[in-house]
Structures are given as structure tokens and as C-alpha cells.
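Student: Sharing a structure with you now.
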Amino acid sequence: LAASLVVLAGMAVTIWWWIGQSYPENIRLQANVNEQKEVLLADGSKIILKENSILEYPEKFSSKQRKVKLQGEAFFQVEPNPDQPFIIETDRTSVTVLGTSFSVRDFGSEPTCAVIVRDGKVKFQPKNSSKYLELTEREKAVFDSGKKELSKAGIMDLNDLVWATKKL
């Protein structure tokens, strides 16, 4: 009986440890009013979170992909890794990064979501849709969730990113 209890306790501890290792908890970073926060991820990517925004990310990325969740606006400088795509999910869209620096804006209270690419290339796609746009340097795209329209918004104004780059 005692040996059985020891074996069961050992199995319980092993399962508890394995579950804890398999599903790491996400870190939640929040920038409040008149505040910006900056984070350097484990892969070397840098994110600047704009005020009134929330970013959730794992302490360590899985081997298949690097996925973060954004509510609000952030500027990303992503370290390229073709074997491990970097994906930003918002409530309405997802952005798959192909090695670049860019901004994502998706405040739930606004009718549109936008991506501005400073350099590199990204894929911008509404959730539950097969439509997407590939954006390159200085391009901007907008998704209107009310009209369900995805469109390029022309060449970006370099001042659109002044809040993150601190350059006019």
C-alpha cells in the first residue's frame, strides 16, 4: 500500500511538472495613460507599447512559432527567423512577420485596424478570412471591421511612427 502511494505521488508530481513546462504562462505588459513601455523578447525582438495598450507574450516561444497578442498599438522590430514565424494577433486581425519593423494599431473602440511598415515585409489578414495583403517598406493597410474591407492606404507618412521612433 505504501509503495503504491509513493508511485502515485511520484506520477502526480511528474504530471504537474510536465504540464507546467508544456504550457508556460503568458506575461502581460500594460502601458497606461501617458505611458509607453518597451520590452526585449527572448528572441531579440524589440516591442514599444503605446499608451492604453496591452501586450501578452510567452516567456519562451514554442519551437514552431513566435506568437504575441496585442490590444491597442505597438511598434515591432522583429528579429528574422524563417523557421519560426512571428505572429501578432489582435481581436480582429493577425500580422505575420517576414522580418521587419512596423506598427500595428487595433483599439477595439475604433472601427479600423491598421499596419504601417517601416521596413521589411509583413502579411496582414483579417481573422476568419482568406484575404490578406502583403506590405513592404513605407506601405500602410487598413481593415474596416464594419465594412469588412481590407485595403492599402498608400505610402505612409514617416511622421506616423514618431511616437515610437522619436524622429520627425
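What follows is calculated from the coordinates using simple rules that are stated; it is not laboratory data. This one's a predicted model, so the numbers in the text were calculated from it and none came from an experiment. Cβ placement follows ideal geometry from the backbone for every residue including glycine, while neighbour counts extend to all protein chains displayed.
Student: As a test of the definition: which semi-axes, in Å, follow for segment 75-125 when you take the square root of five times each eigenvalue of its alpha carbon gyration tensor? Largest first, please.
Tutor: Each semi-axis is the square root of five times an eigenvalue, giving 20, 11, 8 Å.
Student: If each residue of separation counts as 0.36 nm, what is the full-extension length gain between Lys64 and Thr112 once their alpha-carbon separation is subtracted?
Tutor: Roughly 14.3 nm would be gained on extension.
Student: In whole percent, what relative contact order does segment 44-168 give with Cα contacts below 8 Å and a gap of six or more residues?
Tutor: 17 percent
Student: Order of 5-13, 120-128, 26-34, 106-114 by packing, highest average Cβ count within 10 Å first?
Tutor: By packing density, highest mean first, the sequence is 120-128, 106-114, 26-34, 5-13.
Student: Angle between the Cα long axis of helix 2-22 and the longest principal axis of the chain, 0 to 90 degrees, nearest 10?
Tutor: 10 degrees
Student: Between Ala153 and residues 5 or more places away or on another chain, which pairs have amide H atoms under 5 Å apart, with H built 1.01 Å from N, and which residues are they?
Tutor: Amide H neighbours of Ala153: Lys140, Ala141, Val142.
Student: Ok, one more. Please compute the modelled spin-label separation between Thr136 and Glu25, points set 7 Å along Cα→Cβ, answer in nm with one decimal.
Tutor: That separation, rounded to one decimal, is 4.5 nm.
Student: Counting helices only, and only those DSSP H runs with n ≥ 4, report the 222 nm mean residue ellipticity of the chain as the sum of -39,500 (n - 2.57) divided by its residues, in deg cm²/dmol to the nearest 500.
Tutor: When only DSSP H runs of four or more count, the value is -4500 deg cm²/dmol.
Student: Separation between the Val33 and Asn52 pseudo-spin-labels, each 7 Å from Cα along Cα→Cβ, expressed in nm?
Tutor: Between Val33 and Asn52, the label points sit 1.0 nm apart.
Student: Which order, highest average first, do 71-78, 39-46, 86-93 follow once you tally other Cβ atoms within 10 Å for each residue and take the mean per peptide?
Tutor: Sorting 71-78, 39-46, 86-93 by mean packing, highest first, produces 71-78, 86-93, 39-46.
Student: Follow-up question, since we're still on this one. So what are the three principal axis dimensions of the chain from its Cα atoms, in whole Å, longest to shortest?
Tutor: On the principal axes, the chain reaches 73, 35, 32 Å in Cα extent.
Student: Right, another one. In the chain, if the dipole is taken from +1 on Lys/Arg beta carbons and -1 on Asp/Glu beta carbons about the Cα centre, which of Gln125, Pro80, Ala42 is farthest to the positive end?
Tutor: Gln125
Student: Same structure again: Figure the gain on full extension for Asn128 and Asp144 (residue separation times 0.36 nm, minus the Cα-Cα span) and round it to one decimal in nm.
Tutor: Full extension of this stretch gives 4.4 nm more.
Student: With the cut-off at 22 Å, tell me which of the pairs Lys60/Lys167; Lys123/Lys147; Lys69/Lys123 have Cα atoms farther apart than that.
Tutor: Lys60/Lys167
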